[in-house]
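S.K.: Sharing a structure with you now.
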Amino acid sequence: MNDVQITPKLAMQTIKNSLIQPRQVLNTLIEEFKKQPNITIHWNNGSMLHHSSILGIDNVRGISIKPKNIISDTNQLRNYQGTVVFSTHNGRYQFPSTIHSIDDKGIINLAIPNYLNFYQRRDNKRAEPPSDDSFKMIIGLSPGQELLTNVIDGSSNGIRLEIRSTVIKISQGSCWYGCYFERSGSRSSKFNLRVMHKTMLHDKGLTQVGCELYNPTLLASSVFSNMVSVINQSKVNPNSKQWYVDLNWYKYSIKDSLVNK
């Protein structure tokens, strides 16, 4: 599908968005449409179609919507291109689409997009990964000394970890260098963290540590932004056992292809 022109307002909203992987677009739309959001279409000619209801989605008709107001001359809309926008509690979604067909009742059928943009409302909103004992963060303590930690949640610029209280002394403001994510032998690029706060869980002998990226490189920032995007995608399809395969540092293996069988 050809790219479409986006209005300046929409362009401002997509600066910090994430791209839903093509193979997940249809399932993502099906799950999000179950929440019955209203959609708005920004046509390329500058006009808009407000508050349309979603009737359904399938591979034959595409995305069926019912405009709030009756359109007297539907012929003027045929082959229109535009940007479809809708919001749920997860955030804002938008994608380019073309009118596939219009029936005699005024129902508009849009083409299913090849890609889908997801815009999270708050850039620092925390995302909690699915339960996965193999997903870890390794923090660098000193040359040749590393510590395996559990990931509680993360954002585009930080992470919250769980560490055994007796392992190391944790001080607010201290920095850990050469940290990285790891899962099943795959490792992310390294980054640095600064300890912002800590919470002692005395009954469990654990400490929860909130950290932020310290002097991050573009590559380090992309690792965290990608992590948040992948985690949010996994919430749309909670039954997926392979939430991690779209992490930009994960190396897909033959073993992964057998997980869902």
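The values are calculated or read from the model by the stated rules, or taken from the named source; none is laboratory data. Please read these numbers as outputs of a predicted model, since none were measured by experiment. When we count neighbours, we look across all protein chains shown, and the Cβ atoms used for this are built from the backbone with ideal geometry, even at glycine. To get the accessible areas, we keep the full protein, side chains included, count just its heavy atoms, and leave off ligands, DNA and RNA. Shrake-Rupley method; radii C 1.70, N 1.55, O 1.52, S 1.80 Å.
S.K.: Does the stretch 244-261 contain at least one residue that is at pLDDT below 80, assigned to a helix (DSSP H, G or I), surrounded by fewer than 19 Cβ atoms within 10 Å (Cβ to Cβ) and hydroxyl-bearing (S, T, Y)?
M.R.: yes
S.K.: Evaluate the following for S131: is it out of contact with any helix residue (DSSP H, G or I) (no Cβ under 6 Å at 6 or more places or on another chain), open to solvent by 60 Å² or more (accessible area, probe 1.4 Å) and among the hydroxyl-bearing types (S, T, Y)? If you could, list the steps in order and put the result at the bottom.
M.R.: Values: out of contact with any helix residue (DSSP H, G or I) (no Cβ under 6 Å at 6 or more places or on another chain): yes; open to solvent by 60 Å² or more (accessible area, probe 1.4 Å): yes; among the hydroxyl-bearing types (S, T, Y): yes.
Yes, satisfied.
S.K.: Can you pull out the residues in the stretch 211-222 that are touching a residue at least 12 places away in the same chain (Cβ under 8 Å) and surrounded by fewer than 19 Cβ atoms within 10 Å (Cβ to Cβ)?
M.R.: E212, Y214, N215, P216, T217, L219, S221, S222, listed by residue number.
S.K.: Here is a list of conditions, (1) modelled with pLDDT of 90 or more; (2) surrounded by 13 or more Cβ atoms within 10 Å (Cβ to Cβ); (3) not aliphatic (A, V, I, L, M), and N237 meets all of them except one; can you say which number that is?
M.R.: The number of the failed condition is (1).
S.K.: Related question: Out of curiosity, is P143 farther than 23 Å from Q242 by Cα, surrounded by 15 or more Cβ atoms within 10 Å (Cβ to Cβ) and not small (G, A, S)?
M.R.: no
S.K.: So, in the stretch 176-203, how many residues would count as being in a loop (DSSP other than H, G, I, E, B) and surrounded by fewer than 16 Cβ atoms within 10 Å (Cβ to Cβ)?
M.R.: 5
S.K.: Follow-up. Scan (1) within 20 Å of N27 (Cα to Cα); (2) touching a strand residue (DSSP E or B) at 6+ places or on another chain (Cβ under 7 Å) for the single condition P130 breaks and write down its number.
M.R.: (2)
S.K.: Can you confirm whether the stretch 163-171 contains a residue that is open to solvent by 40 Å² or more (accessible area, probe 1.4 Å) and in contact (Cβ under 8 Å) with a residue 60 or more places away in the chain?
M.R.: no
S.K.: List every residue pair whose Cβ atoms lie under 7 Å apart, where the two residues are 6 or more positions apart in sequence or sit on different chains, the first residue falls within the stretch 38-64 and is within 13 Å of I108 (Cβ to Cβ) and open to solvent by less than 40 Å² (accessible area, probe 1.4 Å), and the second residue, located anywhere, is among the charged types (D, E, K, R) and in a strand (DSSP E or B).
M.R.: Here the result reads S52/K66, each pair linking the stretch 38-64 to a residue that is among the charged types (D, E, K, R) and in a strand (DSSP E or B).
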